[in-house]
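J.: This is the structure, below, for whatever I ask next.
The values are calculated or read from the model by the stated rules, or taken from the named source; none is laboratory data. From a predicted model like this one, the values you see are computed outputs, not experimental measurements. Because the Cβ atoms are built from the backbone with ideal geometry, glycine has one as well, and the counts that use them run over all protein chains shown. In case anyone asks, the SASA skips ligands and DNA or RNA and just uses the protein heavy atoms, side chains included. Shrake-Rupley method; radii C 1.70, N 1.55, O 1.52, S 1.80 Å.
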Amino acid sequence: MAYGDYSGPDKADKGKEGGSCNRRLCQCAPARWYNHGSFAWYCDDCRQAIEFDPVNKRDWDRNWLPRCGHPMFETREMMDRRASINAVPG
């Protein structure tokens, strides 16, 4: 189901990892992309539309990427890999 094709109630797993996409009019699954701005999970298509929107991309690249050092959206695998690289040996 494409973004905008859904107008029913939200699913219980909306915005959760592996659940339904967090975008308002989308219920696609699996939600495999974590958005560091909204702290929620999105489907492949909505991630693409949000992350590469020119205004969003410019804002992230100018204001957040230099401080955070990671992309706006990441999969669990990307976050785990980054965490293991940045882990302090104990």
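J.: Tell me which residues, restricted to segment 39-59, are surrounded by 14 or more Cβ atoms within 10 Å (Cβ to Cβ) and either of a type in the set (Ser, Thr, Tyr) or over 24 Å from Gln27 (Cα atoms) (or both).
T.: Tyr42, Asp59
J.: Give segment 20-45 a look and list any residue that's without any contact (Cβ under 8 Å) to a residue 40 or more places away in the chain and either on the phi > 0 side of the Ramachandran plot or of a type in the set (Lys, Arg) (or both), or say none. If you could, list the steps in order and put the result at the bottom.
T.: Filtering segment 20-45 for residues without any contact (Cβ under 8 Å) to a residue 40 or more places away in the chain gives 20-31, 35-44.
Within segment 20-45, Arg23, Arg24, Phe39 meet the criteria.
J.: Here's another thing I want to ask about it. Do you know which of the residues in segment 17-30 that are over 12 Å from Asp45 (Cα atoms) and out of contact with any strand residue (DSSP E or B) (no Cβ under 6 Å at 6 or more places or on another chain) is surrounded by the most Cβ atoms within 10 Å (Cβ to Cβ)?
T.: Gly19
J.: When residues of segment 60-75 are filtered for being over 13 Å from Asn35 (Cβ atoms) and either open to solvent by 70 Å² or more (accessible area, probe 1.4 Å) or in a helix (DSSP H, G or I) (or both), how many remain?
T.: 6
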